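Following: one structure in structure tokens, then a few remarks.
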Amino acid sequence: MTDAHYRDELKQACADQLTADGHLHGWLRTAFAIVPREAFVPDRVWWPVMGPDGTFPVRDRTADPRAWLEAVYDPHRPLITQMDDHLDPSAGPAAGRFSSSISAPDIVCPMLHHLDVPGGHGVLEIGTGSGYNAAMLCERVGSSNVITVEIDERIVHHARQSLYAAGYRPHVRCGDGTRQVHGAAPFDRVIATASTRAIPYAWIEGTVPGGAILAPHATTTGPSGLVLLRVDEAGAAAGRFVELVDFMPLRGQVSQGDAVARLRESTWDAAETATVEGDLGNLGDNRNGLFALWARHPTLRAARNPEGTWWLSSTDLTSWAAARPRPDGESFRVKRHGPHDLFAELAEGAEWWRVSGWPEVARFGLTVTGEGETVWLDSPGRPVAAGLG
Ligand SMILES: C[S@@+](CC[C@H](N)C(=O)[O-])C[C@H]1O[C@@H](n2cnc3c(N)ncnc32)[C@H](O)[C@@H]1O
């Protein structure tokens, strides 16, 4: 079988899987068939699954064209094209923070489905990356109606080349997509393909009343919530979270992990230790629970390691805590520093999630105004954050 036949077979298998998973409807099915995904993937990319040596392996088109094609048409995997804002896969296997990719088909297609953009309408994409999602948008609304913004110059260059070579001519701009809305605003739709800690008000200003914004909203507890907001005449936007997703953050919004580690190191010896009662239920095993914890305590950063220890810190970088479960299953050994009682916040968040009936992400919504954001449960009149309800 030639490589072209093999590609067709893989592309069909990928489409079949997306269809079976309920992700390919209507125009998306046609666009997926037309857009050559392989034309947007650099010859060398990192496979996003860490190998036993602690690095991400490279899929190299020249060395192993079939393995590269299999990666291109894997329905569930993004392919990493940059780490740490500068590393390129030509550097070989590496470990680092993902900073650019071609998103997985099973995230691109559902996002475009949620965006629900009618043909001929204007779309702003934040985070061009490979250009593949922009090409899909061009199939839907026409190239002249798509503006895509990318912060990294080298990535812009590659995306523009790929788009033009595949016959698409959207406006590809280099810049910070959170700051300004580029030309042709207001748009009918704004779609972000990197997660944001807060919806930039510029996106609301750049959307027509009645238009929509789709963006992965970052949390402090792990998963992002993909939120679909409708913009109103008064310059506010509101809507539901539609599902949990994993996205790399917008540049400059990377985690405060290093600063927390420094705070912990410098205060470790003087930290208090106590045994504290607490029942967290299944919070740590449930992504919806972690999302709910963020909604309730948005200034609490929380992660649990495989041994069950919770590592907590406050977003104002004044406090941290480590809570190790005790064998009795009803208490924790808590080591802590700083003015915030972070374990109490964690326990209260778990209890709030339980008494609220363990709501899943789709019961939460978000309202954004010029003053800020409010996360709510079921309706905008029910704010979630502790102290607001
Ligand atoms: C997950 S990738 C995008 C995937 C892409 N849409 C595709 O179809 O392959 C996220 C991209 O957002 C870009 N980015 C990060 N911060 C940005 C910002 N403030 N403005 C514009 N682009 C940004 C990154 O450089 C990266 O290329």
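Entry for region 132-276 at q = 0.13, 0.19, 0.22 Å⁻¹: log10 I(q)/I(0) = -0.67, -1.20, -1.44, Debye formula applied to identical alpha-carbon scatterers, no solvent contribution. Altogether, the Stokes-Einstein calculation at 37 °C and 0.692 mPa s, with the Kirkwood radius of region 257-355 over Cα pairs as Rh, returns a diffusion coefficient of 243 µm²/s. Ordered by the count of other Cβ atoms within 10 Å of each Cβ, fewest first, V58, V231, V190 give V58, V231, V190. Put a plus charge on the Cβ of each Lys and Arg, a minus charge on the Cβ of each Asp and Glu, and nothing anywhere else: the dipole of the chain about its Cα centre is then about 380 debye.
Each residue of region 123-140 was assigned a 3J(HN,Hα) from its phi angle through the Karplus curve 6.51 cos²θ - 1.76 cosθ + 1.60 (θ = phi - 60°); the sequence is 10, 10, 9, 9, x, 5, x, 5, x, 5, 5, 5, 5, 4, 5, 4, 4, 7 Hz, with glycine and proline shown as x.
With one equal scatterer per alpha carbon and no solvent term, the Debye-computed log10 I(q)/I(0) for region 65-201 at 0.10, 0.15, 0.19 1/Å reads -0.32, -0.74, -1.19. Summing +1 for each Lys or Arg and -1 for each Asp or Glu among the other residues whose beta-carbon sits under 13 angstrom from that of P306 gives 0. One chain, two ends: R382 and T299. Fully extended at 0.36 nm per residue, the span grows by 28.0 nm beyond their Cα-Cα distance.
Computed from label points 7 Å out along Cα-Cβ, the spacing between T369 and E153 is 4.2 nm. FRET efficiency for the pair D21 and N286, taken as 1/(1 + (r/R0)^6) with r the Cβ-Cβ distance and R0 = 22 Å, rounds to 0.55. Put simply, the C-alpha atoms of the chain give a gyration tensor, and the ellipsoid matching it has half-axes of 37, 26, 19 Å, longest first. Distances between placed amide hydrogens fall under 5 Å for A184 paired with no residue 5 or more residues away or on another chain. Working from label points 7 Å from Cα in the Cα-to-Cβ sense, the A104 to D116 distance is 2.5 nm.
Taking amide H as placed 1.01 Å from N in the peptide plane, the amide H of Q82 sits under 5 Å from that of S99, S100, each at least 5 places away or on another chain. The stretch between D316 and R29, if pulled fully straight at 0.36 nm per residue, gains 98.7 nm over its current Cα-Cα span.
Packing order of peptides 245-255, 99-109, highest average first: 99-109, 245-255 (average count of other Cβ atoms within 10 Å over each peptide's residues).
The residue list P339, T309, F291 was ranked by how far each Cα lies along the charge dipole of region 257-355 toward its positive end, using unit charges on Cβ atoms, and F291 comes out on top. Between A271 and E307, the modelled labels are 1.3 nm apart [label points 7 Å from Cα along Cα→Cβ]. Assuming charge only on the beta carbon of Lys and Arg (+1) and of Asp and Glu (-1), the dipole of region 257-355 about its Cα centre is about 240 debye to the nearest 20. With θ taken as phi - 60° and the Karplus curve 6.51 cos²θ - 1.76 cosθ + 1.60 applied, the whole-hertz 3J(HN,Hα) list for region 11-22 is 5, 5, 4, 5, 4, 4, 5, 5, 5, 4, 7, x Hz, x standing for glycine and proline. When the charge dipole of the chain is built from unit charges on Cβ atoms (+1 for Lys and Arg, -1 for Asp and Glu) and taken about the Cα centre, the candidate among A185, T318, T30 whose Cα reaches farthest toward its positive end is A185. About its Cα centre, the dipole of region 158-239 is roughly 320 debye, where the only charges are +1 on Lys and Arg Cβ and -1 on Asp and Glu Cβ.
Here, each number is a calculation from the coordinates, and none is a lab measurement. Note that the structure is a prediction, hence the values are computed from the model and not measured. Neighbour counts are summed over all protein chains in view; Cβ atoms, including those assigned to glycine, are modelled from backbone coordinates with ideal geometry.
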